Amino acid sequence: MSKKLVIGHLYPDLLNLYGDRGNIQCMVKRLEWRGMEAEVKEFRLEDTIDFSGLDIVLMGGGSDREQMIVCSKLKEIQKDFKEYVEDNGVVLAVCGGYQLLGNYYQTSDGIITGLELVDLYTEQKPGRLIGNIIIKSDLFDMPIVGFENHGGRTVIGSNQPLGKVLFGSGNDGESGYEGVRYKNVIGTYIHGPLLPKNPMLCDWLLARALERKYGDSAEMTPLEDREEKEANAYICGRFLKKE
């Protein structure tokens, strides 16, 4: 009997500003290529979420207005979502979803209360941080590449970043770090979408979910990823200056 992962996509009608369905599709295909199954469940604001039935949760990006709409709903799911995270549930939160992981997001229109899943906060500052970004994560040999576009500056405190910025702005344009890692949670401003450009990160999330559900990730056989590696090398060669 093949192994199966259930992927929950939170509020795709509101938090899909940067094509986050591409991240879902990437996870589904990389499971299928290994002979495993994937079931995707999309949750709207009116839906009840049973986190005990989910193996991976994706929370994508949205505008400040859309995040404000989601804000009140987050209070209802916070307790169950927190228990899921503390039980090593796998979460990918991108851009606006990354901001919602934290305690709050201070905007010019008011405070958006976060999920308080990770001890971080975001404040809106003048100017947007926009452009290609490359980071080095200690999780992988290959750099993580993508695009960032955010007005918020995120402070992660003592939490571990996803990686060190080699090119681009990252969390706040000052610290030199991008994203956050907490247990099996990844929060990041990188989109493009993120996972098709960075298959090693996709596999990391899948492996954590398989380990949590089945006790191992033995069936995570390597895939060729030749084109993805070539694209990564091109981006790094284009934006990282060679001395």
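Quick check on region 105-116: of everything there that is in contact with a strand residue (DSSP E or B) (Cβ under 6 Å, 6 or more places away or on another chain) and among the aliphatic types (A, V, I, L, M), which residue is most open to solvent (accessible area, probe 1.4 Å)?
Filtering region 105-116 for residues that are in contact with a strand residue (DSSP E or B) (Cβ under 6 Å, 6 or more places away or on another chain) and among the aliphatic types (A, V, I, L, M), the one most open to solvent (accessible area, probe 1.4 Å) comes out as 111.
Tally time: how many residues in region 26-49 are touching a residue at least 12 places away in the same chain (Cβ under 8 Å) and surrounded by fewer than 18 Cβ atoms within 10 Å (Cβ to Cβ)?
Total satisfying the criteria: 12.
Buried (at least 22 other Cβ atoms within 10 Å of the Cβ) and either over 26 Å from residue 152 (Cβ atoms) or polar (S, T, N, Q) (or both) - does that describe any residue in region 74-88?
Scanning region 74-88 turns up no residue that is buried (at least 22 other Cβ atoms within 10 Å of the Cβ) and either over 26 Å from residue 152 (Cβ atoms) or polar (S, T, N, Q) (or both).
Could you grab me the full set of residues in region 93-112 that are within 18 Å of the chain's Cα centre (by Cα) and polar (S, T, N, Q)?
99, 103
Assuming residue 63 fulfils every condition listed in (1) surrounded by fewer than 17 Cβ atoms within 10 Å (Cβ to Cβ); (2) over 17 Å from the mean Cα position of the chain (by Cα) apart from one, which condition is it?
Of (1) surrounded by fewer than 17 Cβ atoms within 10 Å (Cβ to Cβ); (2) over 17 Å from the mean Cα position of the chain (by Cα), only one is false for residue 63: (2).
Tell me yes or no: at least one residue of region 178-199 is among the acidic types (Asp, Glu), closer than 22 Å to residue 16 by Cα, touching a helix residue (DSSP H, G or I) at 6+ places or on another chain (Cβ under 9 Å) and modelled with pLDDT of 95 or more.
Within region 178-199, none of the residues are among the acidic types (Asp, Glu), closer than 22 Å to residue 16 by Cα, touching a helix residue (DSSP H, G or I) at 6+ places or on another chain (Cβ under 9 Å) and modelled with pLDDT of 95 or more.
Can you tell me which condition residue 154 does not meet? The list is (1) open to solvent by less than 10 Å² (accessible area, probe 1.4 Å); (2) under 17 Å from residue 240 (Cα atoms), and all the others hold.
The failed condition is (2).
Of the residues in region 117-151, how many are of a type outside the set (A, V, I, L, M), open to solvent by 10 Å² or more (accessible area, probe 1.4 Å) and part of a loop (DSSP other than H, G, I, E, B)?
Residues meeting the conditions: 5.
Only strands (runs of 3 or more DSSP E) wholly contained in region 1-116 count here; list those with 2 or more residues that are over 25 Å from residue 214 (Cα atoms) and β-branched (Val, Ile, Thr).
In region 1-116, the matching strands (runs of 3 or more DSSP E) lie at 110-113.
Between a residue in region 119-142 that is closer than 22 Å to residue 108 by Cβ and any residue that is basic (Lys, Arg) and open to solvent by 20 Å² or more (accessible area, probe 1.4 Å), which pairs come within a Cβ distance under 7 Å, given they are 6 or more apart or on different chains?
The qualifying pairs are 122/153; 123/153; 125/153.
Among the residues of region 186-200, how many are open to solvent by less than 30 Å² (accessible area, probe 1.4 Å), in contact with a strand residue (DSSP E or B) (Cβ under 6 Å, 6 or more places away or on another chain) and of a type outside the set (S, T, N, Q)?
6
Can you name the number of the only condition in (1) assigned to a loop (DSSP other than H, G, I, E, B); (2) over 20 Å from residue 101 (Cα atoms) that residue 171 fails?
(2)
Being open to solvent by less than 30 Å² (accessible area, probe 1.4 Å), on the phi > 0 side of the Ramachandran plot and touching a residue at least 60 places away in the same chain (Cβ under 8 Å) is the filter here, so list the residues in region 160-185 that pass it.
Hit for region 160-185 is 179, nothing else.
The values are calculated or read from the model by the stated rules, or taken from the named source; none is laboratory data. These figures come from a predicted structure and were not determined experimentally. Note: ideal-geometry Cβ built from the backbone for every residue, glycine included; neighbour counts use all protein chains shown. With ligands, DNA and RNA removed, areas are computed over all heavy atoms of the protein, side chains included. Shrake-Rupley method; radii C 1.70, N 1.55, O 1.52, S 1.80 Å.
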